[in-house]
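The values are calculated or read from the model by the stated rules, or taken from the named source; none is laboratory data. This structure is a prediction, so every number in the text was calculated from the model and none was measured. Note that each Cβ is placed from the backbone with ideal geometry, even for glycine, and that neighbours are counted across all protein chains shown. Surface areas here come from the heavy atoms of the whole protein model, side chains and all, with no ligands, DNA or RNA. Shrake-Rupley method; radii C 1.70, N 1.55, O 1.52, S 1.80 Å.
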Amino acid sequence: MKPSQIFYGFLTALTLTGCTKDFESINTNPNAPSETRPEYHLTEAITQTAYAYAENGFTRRPAALGRYITLIRNNDYELFRWTSVDWNDIYSRAMIIKTLQQEATVTKQPAYVSAAKILMAFNMQYLTDLYGDAPYSKALQSVENGNIKPSYDRQEDIYKNLLVVLKEANAELKSNGTGIDAGADAMFKGDALKWRKLANSLRLRMLTRAAKNYPTAYTEIQEIINNKEEYPIMESNADNAEVVYLGVKKDDSWAGGPLNMIDNDFLKTKASKELVDALIARNDPRLELWIAPVASTTGATVDSRQYVGIPHAVVNPADYNGGETHQSTLSSYFRQNKPTTLKASLMVYSEVAFIIAEAMQRNKITVGGSSAETFYNKGIEASMEYYGLTSEAAKRNYYAQAIVKYNGTLEQVMTQKWLAMTFKGSEGWFDFRRTGFPAFVVGPMAFQKTFPVRYAWPVSEQNVNLDNYKAAIKVFGADDINTKMWLLQ
């Protein structure tokens, strides 16, 4: 059986590195028991999902497209010289989650089934957000019916189904949310209410992303906001959906730590000029936490400031500003295997606050006693609190600055959301391609004048699933990084 067929159909526990790469190797343990209890797979599903999403947002295309890092070597991401990207790791996590659901059903533990639905929705949403149309309804079925060549579903249909799944999971956990082992739940310690908050907050994320082409998006957002008893959402950083880094081995360590990134790898990962300049312009205390000062300001050829980000897709980026001693890397905060405050995040409260702020700024929803400005400020405050910078922000009178004080524009809301989402998965890129804010610069050496909007489907699909691949192109359009998916049309 070929690799892609394995990922579509294999239903035992998998060991994987958990990141969207060009290649993933999968090994199974022939000595492992054929049946396990769902709590074991819950731990695996949570940690693999969280670590992979965080790693994608720090070292791969989403970090470059979100303008958080600038690569001065091996910079194909910067130049938009993209090849296709394998999706095996996402389907591998889906396999683990499906196994979790099956085990929980057999052992009559419904809360695990509901938690698994939420994790499956997260992974499948990420899949379709990256690729557009993709195998979904017919995927993962080789054991049941021998289907190893699944057809592609339209993104619109995937989204609609996932929104239903999340709504169902919320209702199920409300009526029967007990029984999740706190020790197995690496994210919420068995707290069903927090799982419900994640489910409904993910619905807000999806509805916002689909609003352009999903007519009832804001109606559904309003329904969620109006009924906290039925649809609880994240209300503070205490509700964040995150997993700590253990820092013991590569797979449970932060992507920028020594176990995952040697010095040369880290030194070639510079701070983006767009990120550094935005932080400097706001006298933002996150600057000193995230960005390392240059080794020397003497001899700088372009920028003699203490913090210097590197522009994207320029000629000889390693020589920019007089060389690497005049360029900022990311700070030591990101060079830890187990950062003090940084965790692997699926979703955090600041994102929810900005989602509500955006909807109110667009005059699409109302929240009694609050305004768009209220939630805009809550989003910033939550980010400052997350990084332990609440007092420093107050000392700098951060919120009173003209560039920070709410001015009623979508650009301002999205720019602050972008800052709060630094290295939070792919949210910076996804929001930019949806709204155009912040107004990122392509770079003079880029292979095209516009930002890519998707990953191309894996090359392996043409080898093992060609008929369905061709059928998908007829519906979706060219398998190209510039073909707009349903969300963006």
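In this view, the solvent-accessible surface of GLU427, computed with a 1.4 Å probe and all protein chains in place, comes to about 0 Å². Compared with the dominant principal axis of the Cα atoms in the chain, helix 372-386 is inclined by about 90°. The helix-only estimate of mean residue ellipticity at 222 nm for the chain, built from DSSP H runs of length n ≥ 4 each weighted as -39500 (n - 2.57), is -14000 deg cm²/dmol after division by the residue total. Measuring nothing but alpha carbons in the chain and taking Rh as the Kirkwood radius, the Rg to Rh ratio lands at 0.95.
The residues of region 193-258 expose on average 38 square angstrom of accessible surface per residue, using a 1.4 Å probe on protein heavy atoms. What the phi angles of region 436-448 give under the Karplus curve with 6.51, -1.76 and 1.60, with θ = phi - 60°, is a coupling list of x, 10, x, 7, 5, 9, 5, x, x, 9, 5, 6, 8 Hz, glycine and proline written as x.
With every protein chain in place and a 1.4 angstrom probe, the accessible-area ranking of LYS395, LYS167, largest first, reads LYS395, LYS167. For region 33-164, the solvent-accessible area works out to 31 Å² per residue, with a probe of 1.4 Å and every protein chain left in place.
Phi-derived couplings, Karplus 6.51 cos²θ - 1.76 cosθ + 1.60 at θ = phi - 60°, listed residue by residue for region 150-162: x, 6, 8, 9, 6, 4, 4, 5, 4, 4, 4, 5, 5 Hz, with x used for Gly and Pro. When the alpha-carbon atoms of region 396-489 are used, the pair Rg, Dmax equals 18.3, 60 angstrom. Evaluated over region 107-183, the count of Lys pairs having alpha-carbon atoms less than 16 Å apart is 6 (only pairs 8 or more residues apart or interchain).
A 1.4 Å probe, protein heavy atoms only, puts the accessible area of ASP303 near 20 Å².
Placing unit charges on the Cβ atoms only, positive for Lys and Arg and negative for Asp and Glu, gives the chain a dipole magnitude near 580 debye about its Cα centre. Among the protein heavy atoms, those of GLU229 account for about 130 Å² of accessible surface (1.4 Å probe, every chain in place). Net charge dipole, region 347-442: roughly 140 debye, given to the nearest 20, about the Cα centre with Cβ charges of +1 for Lys and Arg and -1 for Asp and Glu. Per atom type, the chain shows carbon and sulfur on 52% of its accessible surface, probed at 1.4 Å.
Taking the charge dipole of the chain about its Cα centre, with +1 at Lys and Arg Cβ atoms and -1 at Asp and Glu Cβ atoms, the residue from VAL113, ILE380, ALA344 reaching farthest to the positive side is ILE380.
Taking amide H atoms as placed 1.01 Å from N in the peptide plane, the amide H of SER370 has no partner under 5 Å among residues 5 or more positions away or on other chains. Neighbours of LYS174, meaning other residues whose beta-carbon lies under 10 angstrom from its beta-carbon, give a summed charge of -2 when Lys and Arg score +1 and Asp and Glu score -1. Here's the picture: charge each Lys and Arg Cβ at +1 and each Asp and Glu Cβ at -1 in the chain, and of ALA456, THR49, GLY179 the one pushed furthest to the positive end of that dipole is ALA456.
Couplings 3J(HN,Hα) for region 419-431, derived from phi with the Karplus relation 6.51 cos²θ - 1.76 cosθ + 1.60 (θ = phi - 60°), are 5, 5, 8, 3, 6, 8, x, 9, 4, x, 5, 4, 6 Hz, where x marks Gly and Pro. Amide H to amide H, with H built 1.01 Å from N, THR329 comes under 5 Å of ALA271, ALA292, counting only residues 5 or more places away or on other chains. Scattering from region 347-442 was approximated by placing one identical point on each alpha carbon and applying the Debye formula without solvent; log10 I(q)/I(0) at 0.12, 0.17, 0.22 1/Å stands at -0.36, -0.73, -1.19. For region 263-334, the alpha carbon convex hull comes to 82 Å³ per residue, rounded to a whole number. Principal-axis analysis of the Cα atoms of the chain puts helix 217-226 at an angle of about 90° to the longest axis. For region 347-442, the number of Lys pairs separated by eight or more positions or lying on different chains, with C-alpha atoms closer than 18 Å, is 6. Solvent-accessible area per residue in region 263-334 equals 38 Å², computed with a 1.4 angstrom probe and all protein chains kept.
Here's how it looks for ASP153: its modeled amide H is under 5 Å from those of ALA134, TYR136, SER137, which are all 5 or more places away or on a different chain.
Ordering ILE225, ASN170, LEU127 by the projection of their Cα atoms onto the charge dipole of the chain, which places +1 on the Cβ of Lys and Arg and -1 on the Cβ of Asp and Glu, puts ILE225 at the extreme positive end.
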